[in-house]
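Colleague: Let me give you the structure first, and then I'll get to my questions.
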Amino acid sequence: MISGDDISAIRQEFKGEREDLIPVLQRLQEQEGYLRSDAIRSVSRWLKMSENEIFGVATFYAQFRFHPPGEHHIKICLGTACHVKGGEEILAMTQARLNIKPGETTADQKYDLERVACLGCCALAPVVAFDDKFHSQMSVLKVQKLLDEDRNS
Amino acid sequence: MKTEILDARRQQAQAKWDAVRQSSVPHIYIGAGSCGLAAGAADTQRAVEQYLGEHNFEARIVPVGCIGPCYLEPLLDVQMPGRPRVSYSNVAAKDVESILQGFFEKGETPKYHLAGHFGDSEFDGVPRFFDLPMLKPQVRIVLRNCGIIDPDELDHYLARDGYKGFEKALSMTWQEVVDAVKRSGIRGRGGAGFPAWRKWTTCREQQSDERYLICNADEGDPGAFMNRSLIEGDPHAVLEGMLIAGYAIGACHGYVYIRAEYPLAIKRLKTAMAQMREVGLLGENILGSGFSFDIKIKEGAGAFVCGEETALIASIEGKRGMPRTRPPFPAVAGLRGKPTIINNTETLGTLPNILRNGAEWYAGYGTETSKGTKTFSLVGKVRRTGLIEVPLGMTLRQVIYDIGGGTQKPFKAVQSGGPSGGCLSEEFLDLPIDYEHLAEAGAIMGSGGLIVVDSGTCIVDMAKYFMTFTQRESCGKCVPCRVGTRHMVEILERVCDGKADSSDLEKLEKLGKTVKNGSLCALGSSAPNPALTTLKYFRPEFIAHVKDHRCPAVTCKNLVVYRVIPSKCTGCQRCVKVCPTGAISGPRSEPHNLDTTKCIKCRSCYEVCRFDAIAGDAIVIES
């Protein structure tokens, strides 16, 4: 875990220019799962930019998170192909089962739910990703089965 | 020019490729693009490894990219010594054993899951893979290697004339390269169709110590995956194209701006770039030509608007990805204020073929104004989904019916160009696919997403979907886009909820025109297209929502109800178990009750009732 000012490992990978901001934030998120406010403070001192400016950039992009992620990350693809093939119903069902909305984490910190614009597997829509594994040609029932299996494992 | 290292490597590559094709060792190819993996290719591969291990058979496993017909994934090809490569479709882990048993133990060509073979002539009664209805009408130029070679092997690419286009370019002046691209007639494949040679010339003519080339692989269009497949299946083609473009414009640095959602494509690019460095195709003084060029990967962070040139540049510079006014165009003042060319991945991937085979050869495909071939991701409700490449000028009907196999329910519409494009009805099926005809009909070529929908899709819901998408992705700079798209979404929501009146439809049209005219970049100026084209071609469906409060496709949530038909319900309780909100109740063997106040219309009960053998079809959805 990165404490306060300890971004030294990341510092060595970059020149410390303004242009490095987005890759630096991506590396930070890769390590911690989200952008901690004290890590952003360290980046601000290092890249000589205000924290406001960094938050301005980070909030612009859908990739960045500002809260600790759950243990498992569920992404429901709502690209056009997934939308017309039932992605919305999968999202509605998952929301109801986990009792959270997209962008939130369950109270037990086990799952977080994200709706994504497109995972690029449109020919096998609808697609749902559990952590890094993509599941294709899903249906509400298949996703229910995945959730059951995960809960019982 | 010193090409000794490359020439030597090419000989070695040829030997390696010949060894693959005429090997005494069996080769097993697995379609391991993102789509193949999503369909379970990793499990299939494990089953293959297990089978070979258990029986102590020797074979080489070659993971390849996507060959196109994604609906056949996972694809498994087997090539026994002295026999052509034979392809099997939809091979789940459980199917592996019986297929491999046929080859390895019985010495035959199993017919189970058989798709086709890759040889030249008839073989063992097996059809040719490229004669399959989905593949036969296609012309594969940019996709020529996808699914054929191992994308992680530079030698495979070299053996298939890889980097010959670049070598050819090096033997020409930059003007000759530009001229060849001009004569080929290729237009920008990113969507707008702007000819690459024209901006290249502008860029080259600027006085500057540095120029940049950017490969735009920020494929944000939901429902499109051409760039991902190309990079995953043949990364060197795109990188070779970058070398050619970089040489033509006199750039010293190139960037690939690629979505972070494409981890496999990024990995393939990194591997390919390391291989290029090894043989001196990247870095200082490439092949002794005096041309120096290096490439960096920049991962996008999830913003659709960053596909727009100036927003993309802002993003690389570490800023919010907001477009700026043009001029100056990036070709004059782009990244860090220097002349910059941004070309689409597919445009770049096509360049090596144009240089190698000649501009006239390429211009022989396509129509008068739209030359060459174009890749499309054919998805949605067609039977055969996947990535295709066809000569421009082919009709929508040929693509949707001959290649895609048509739809199961009656065809309703095809959306071309994603959220910036338009939705075309049945009367346009004979429209040739080229830049002019699509624009005339109110759609655009776009980057190549073709989403087909049938009578089960509500067109108003689809218009709402696209508007919601662009509204979320609007960067917020221009008021008509930021506020206008929100109002358009609100109106479409009212229509979908059955709460709109007919004046709303006029408001929608008027607002659409304002947003189109009042926005700076293409995101805003094309955002109303889906709403405007659906209003134009599918007005009766809008009217049904407004006047009759009915959704003819039975899709719009607030206009449909779920109901149990007591006479059909066997009381099997399966729907009770899958309902996530506890809306269905009732004792076993008695007709169940559905509490509509708790129902979230997620379809779980409907599906379990339709597809479970014990249940009937007692649950209906009505509008």
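Nothing in this text is a laboratory measurement; each read-out follows from the coordinates by a stated rule. Every value quoted in this text rests on a predicted model; they were computed, and no experiment measured them. Quick reminder, even Gly has a Cβ in these numbers, built from the backbone with ideal geometry, and neighbours come from all protein chains shown.
Colleague: Per residue of B:600-611, what is the mean number of Cβ atoms on other protein chains within 10 angstrom of that residue's Cβ?
Modeller: Neighbouring Cβ atoms belonging to other protein chains average 5 per residue here.
Colleague: Under a Cβ-only charge scheme (Lys and Arg +1, Asp and Glu -1), can you give me the dipole magnitude of the stretch B:156-267 about the Cα centre, in debye to the nearest 20?
Modeller: 280
Colleague: Could you tell me which trypsin sites (Lys or Arg not before Pro) in the stretch A:86-153 are loop residues by DSSP with no more than 14 other beta carbons within 10 angstrom of their beta carbon?
Modeller: Within the stretch A:86-153, the qualifying trypsin sites (Lys or Arg not before Pro) (loop, at most 14 other Cβ atoms within 10 Å) are A:110.
Colleague: Under unit Cβ charges (Lys, Arg +1; Asp, Glu -1), what dipole magnitude, rounded to 20 debye, does the protein assembly as shown have relative to its Cα centre?
Modeller: Dipole magnitude for the protein assembly as shown comes out near 1460 debye.
Colleague: Provide the FRET efficiency to the nearest 0.05 for the residue A:114-residue B:482 pair, computing r from the beta carbons and using R0 = 22 Å.
Modeller: With R0 = 22 Å, the Cβ-Cβ based efficiency is 0.40.
Colleague: What's the lysine pair count for the stretch B:116-248 at a Cα cut-off below 27 Å, pairs eight or more apart or interchain?
Modeller: For the stretch B:116-248, the number of qualifying lysine pairs is 5.
Colleague: Do any GluC sites (Glu not before Pro) in the stretch A:1-73 lie in a loop, going by DSSP, with at most 16 other beta-carbon atoms within 10 Å of their beta carbon, and if so which?
Modeller: A:17, A:71
Colleague: Over the stretch B:373-454, what is the relative contact order in percent, taking alpha-carbon pairs closer than 8 angstrom and at least six residues apart?
Modeller: Answer for the stretch B:373-454 is 38 percent.
Colleague: Greater than 19 Å separation of Cα atoms is the criterion. Which listed pairs, A:75/B:598; A:101/B:601; A:75/A:133, meet it?
Modeller: Working: A:75/B:598 25 Å; A:101/B:601 16 Å; A:75/A:133 10 Å.
The answer is A:75/B:598.
Colleague: So for the pair residue A:17, residue A:31, with labels modelled 7 Å out along Cα→Cβ, what separation do we get in nm?
Modeller: Taking the simple label geometry, residue A:17 and residue A:31 are separated by 2.2 nm.
Colleague: Another question, then. Determine which aspartates and glutamates satisfy two conditions relative to residue B:319: a Cα distance under 17 Å, and not lying fewer than 8 residues away in the same chain.
Modeller: A:17, A:19, A:20, A:51, A:53, B:218, B:299, B:308, B:309, B:473
Colleague: Expected output is a single nm value to one decimal: the length gained when fully extending between residue B:440 and residue B:292, i.e. 0.36 nm times separation in residues minus the C-alpha distance. What is it? Mind dumping the intermediate values first?
Modeller: Working: separation 148, 0.36 × 148 = 53.28 nm, distance 4.34 nm.
Contour length minus Cα-Cα distance gives 48.9 nm.
Colleague: For the stretch B:240-385, with the dipole built from +1 on Lys and Arg beta-carbon atoms and -1 on Asp and Glu ones, taken about the Cα centre, which of B:364, B:263, B:274 lies farthest toward the positive end?
Modeller: With unit charges placed on the Cβ atoms, the residue in question is B:263.
Colleague: Still on this structure: How many angstrom lie between the C-alpha centres of the stretch B:279-319 and the stretch B:207-231?
Modeller: 9
Colleague: Going by the alpha-carbon gyration tensor, a ≥ b ≥ c the square roots of its eigenvalues, is the stretch B:435-556 rounded (a/c under 1.5) or, if a/c is not under 1.5, prolate (a/b greater than b/c) versus oblate?
Modeller: Cα axes put the stretch B:435-556 in the oblate bin.
Colleague: Okay, next question. In nm, to one decimal, how far is the residue B:361 label point from the residue B:12 one, both placed 7 Å along Cα→Cβ?
Modeller: So the two model labels end up 2.7 nm from each other.
Colleague: So for the pair residue B:83, residue B:61, with labels modelled 7 Å out along Cα→Cβ, what separation do we get in nm?
Modeller: With each label point 7 Å from Cα toward Cβ, the separation is 2.1 nm.
Colleague: What do the square roots of 5 times the Cα gyration tensor eigenvalues come to for the stretch B:302-367, in whole Å, largest first, as semi-axes of the equivalent ellipsoid?
Modeller: 30, 13, 11
Colleague: Toward the positive end of the charge dipole of chain B, about the Cα centre and with charges on Cβ (Lys, Arg +1; Asp, Glu -1), which of B:142, B:301, B:382 goes farthest?
Modeller: The residue sitting farthest along the positive end of the dipole is B:301.
Colleague: Can I ask one more? Applying the Karplus parametrisation 6.51 cos²θ - 1.76 cosθ + 1.60 with θ = phi - 60° to the phi angles of the stretch B:214-225, what ³J(HN,Hα) value in whole Hz is obtained for each residue in order, glycine and proline being reported as x?
Modeller: Karplus-based 3J(HN,Hα) across the stretch B:214-225 equals 10, 8, 8, 10, 8, 6, x, 4, x, x, 10, 8 Hz.
Colleague: Now for a separate question. Please give the peptides B:591-597, B:39-45 ranked by average Cβ packing (other Cβ atoms within 10 Å per residue), highest first, as a rough proxy for protection.
Modeller: With the highest mean Cβ count within 10 Å placed first, the list reads B:39-45, B:591-597.
Colleague: Continuing with this model, one more query. Please work out whether chain B counts as rounded, prolate or oblate from its C-alpha gyration tensor, where a ≥ b ≥ c are the square roots of the eigenvalues and a/c under 1.5 means rounded, while otherwise a/b larger than b/c means prolate and anything else oblate?
Modeller: oblate
Colleague: Now for a different question. Report, in order of residue number, the helices in chain B meeting two criteria: a C-alpha extent of 24 Å or more along the helix axis, and a mean Kyte-Doolittle hydropathy of at least 0.0; treat each whole DSSP H run as one helix.
Modeller: Correct list, ordered by number: B:479-496.
Colleague: Any idea which of B:70, B:327, B:156 is furthest toward the positive side of the dipole for the protein assembly as shown, if Lys and Arg beta-carbons carry +1 and Asp and Glu beta-carbons -1?
Modeller: B:327
Colleague: Answer rounded, prolate or oblate for the stretch A:8-60, using the Cα gyration tensor with square roots of eigenvalues a ≥ b ≥ c: rounded when a/c is under 1.5, else prolate when a/b is larger than b/c, else oblate.
Modeller: Note, shape of the stretch A:8-60 comes out rounded.
Colleague: Taking amide H positions as placed in the peptide plane 1.01 Å from N, state which residues far from residue B:570 in sequence (5 or more) or on other chains have amide H under 5 Å from it.
Modeller: B:616
Colleague: How big is the charge dipole of the stretch B:1-145 about its Cα centre, in debye rounded to the nearest 20, if each Lys and Arg gets +1 on its Cβ and each Asp and Glu gets -1 on its Cβ?
Modeller: 540
Colleague: Rounded to the nearest 0.05, what FRET efficiency do residue B:274 and residue B:174 have when you use their Cβ-Cβ distance and R0 = 30 Å?
Modeller: Values: r = 28 Å, r/R0 = 0.92.
Step by step, r from the Cβ atoms, then E = 0.60.
Colleague: Distance between the C-alpha centers of the stretch B:404-473 and the stretch B:506-575? Whole Å please.
Modeller: So the separation of the two Cα centres works out to 14 Å.
Colleague: Fewest to most neighbouring Cβ within 10 Å: what's the order for A:130, B:376, B:291, B:304? Walk me through the numbers on the way to the answer.
Modeller: Values: A:130 17, B:376 24, B:291 20, B:304 28.
In order of increasing Cβ crowding within 10 Å: A:130, B:291, B:376, B:304.
Colleague: Among all the lysines, which ones have a C-alpha under 26 Å from residue B:536's C-alpha, if same-chain residues fewer than 8 places away are not counted?
Modeller: A:85, B:381, B:409, B:412, B:464, B:499, B:507, B:510, B:513, B:516, B:547, B:557
Colleague: Other chains near B:214-224: what is the mean number of their Cβ atoms within 10 Å of each residue's Cβ?
Modeller: Across the residues of B:214-224, the mean count of other-chain Cβ atoms within 10 Å is 4.
Colleague: Further question: Only counting other Cβ atoms within 10 Å, I'd like B:89, B:585 sorted with the fewest neighbours first.
Modeller: Working: B:89 19, B:585 14.
By the 10 Å Cβ count, ascending, the order reads B:585, B:89.
Colleague: A follow-up question, please. Quick check: Cα centre of the stretch B:52-120 to Cα centre of the stretch B:367-397, how many Å?
Modeller: So the separation of the two Cα centres works out to 28 Å.
Colleague: How do B:504, B:155, B:124 rank when sorted from fewest to most other Cβ atoms within 10 Å of their own Cβ?
Modeller: B:124, B:504, B:155
Colleague: Now, a different point. Suppose R0 equals 45 Å; then what is the FRET efficiency for residue A:152 and residue B:502 from their Cβ-Cβ distance, rounded to the nearest 0.05? Working shown, then result.
Modeller: Values: r = 53 Å, r/R0 = 1.17.
According to the calculation, E is roughly 0.30.
Colleague: Taking H as built 1.01 Å from N, whose amide H comes closer than 5 Å to the amide H of residue B:406, not counting residues under 5 places away?
Modeller: B:383, B:384, B:401
Colleague: To continue, here is another question. Evaluate peptide B:294-301: per residue, the Cβ atoms of other protein chains within 10 Å of its Cβ; return the mean as an integer.
Modeller: Per residue, the number of nearby Cβ atoms from other chains is 3 on average.
Colleague: Going by amide H atoms built from the backbone, whose H comes under 5 Å of the H on residue B:374, apart from near neighbours?
Modeller: B:390, B:392
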